[in-house]
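Inspection log for the structure reproduced underneath, given as structure tokens.
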Amino acid sequence: MGILALAADERVSDVQVTDDLLTVYLMDGRIISVPIAWYPRLSNATTAQRNKWNIGGGGYGIHWDEIDEDLSTEGLLRGAPAPNPSKILYSRPPNRANEQTSLDDSFHEGDDPGIIDHLLEGEEAAIELNDILFKLKMDIETLGKKVAGHSARLDRLNKHPSGKARDFGKLLLLAASDMNTFAKNVEEKLSPFQQSIDVLTISYSGYLDLINAESEEEIQGVRRLDVSIAQLLDQVTPVKQSVETFKASTVALGTLNLSRELRKAASRQSKAIQGIVSNLSEVESFALTIKFRIDEKLRRTPRGE
């Protein structure tokens with residue numbers, strides 16, 4: 001078991017960023033090297049900003065605070081670029097006379113700017129949603145480890161209570177504090193989470209309503225949307241799994257009824273988790289509906305057969 005763990009340790013050891021490449025060194029000796037153009041925030045950052053990174057998520061995430069960028073070794077190993085680099089790298093021209101400098105070469109003179117805007121606004125919302133999902137997963141995994149440690153220590157103290165009352169009380173307060181901090185972080189994310197879902201729903205649904213996927217440009221647009229939705233679903237699945245694992249351990253700690261502070265913290269955290277679950281279900285339902293509509297659009301053309 002120990003040999004297998006050493007053979008596949010995907011935690012981050014070191015990070016190097018140049019003008020062309022992002023290189024991540026893993027604990028097991030593997031090296032991941034990807035084009036920096038995949039990550040527009042890094043590409044547009046200064047050298048000083050690129051070098052100010054921190055390891056998070058139990059060793060599996062990299063965070064650049066100044067540019068608000070988060071990457072995971074899971075995503076890097078999967079070869080997943082940011083959902084929409086073109087949205088950040090360029091700005092939409094104010095009129096059609098400058099169309100040759102437009103956001104994406106997929107769209108040309110005959111396109112309605114409103115149609116393009118639907119797709120781009122949706123892609124921007126998808127980027128924000130992916131950021132929120134990644135940060136939630138990191139928060140859940142970090143607190144999950146803390147809660148497991150608190151539970152184990154409380155169990156030991158509960159079995160041998162003599163002379164440990166002060167330690168017991170401190171540990172209960174620490175567990176309650178960690179749970180409240182997590183709940184606060186989630187509460188702050190739930191509103192932008194819902195806003196991103198709303199923008200995504202309006203934008204992507206509106207885009208599909210307005211196009212027929214008959215021209216090459218429209219087909220490329222639908223396929224681009226398909227990639228964005230697939231990346232979003234890739235983020236939803238691991239977050240759902242983390243939530244389910246996390247829920248079991250925290251519910252068990254809250255039901256121990258060890259202190260008023262812990263009960264209140266557990267109740268607040270339970271509501272926060274329910275908010276995550278509700279939003280994840282909404283994202284998944286929306287994404288699957290859009291995938292179905294994408295399949296319908298592409299089946300109308302020979303390229304979708």
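The values are calculated or read from the model by the stated rules, or taken from the named source; none is laboratory data. Computed from a prediction, not measured in an experiment: that's the story for all the values here. Heads up, the Cβs are rebuilt from the backbone with ideal geometry, glycines too, and the neighbour counts pull from every protein chain shown.
Among all residue pairs at least 6 apart or on different chains, which show Cβ distances below 6 Å where the first residue, located in region 283-297, is in contact (Cβ under 8 Å) with a residue 12 or more places away in the chain and the second is polar (S, T, N, Q) and part of a helix (DSSP H, G or I)? Note: pairs meeting the criteria are Phe286/Thr201.
Only helices (runs of 4 or more DSSP H) wholly contained in region 1-71 count here; list those with 1 or more residues that are on the phi < 0 side of the Ramachandran plot and at pLDDT 85 or above.
In region 1-71, the matching helices (runs of 4 or more DSSP H) lie at 40-44, 47-51.
Restricting region 202-215 to residues that are surrounded by fewer than 18 Cβ atoms within 10 Å (Cβ to Cβ) and modelled with pLDDT of 85 or more leaves a set whose member that is nearest to Ser177 (Cα to Cα) is Ile202.
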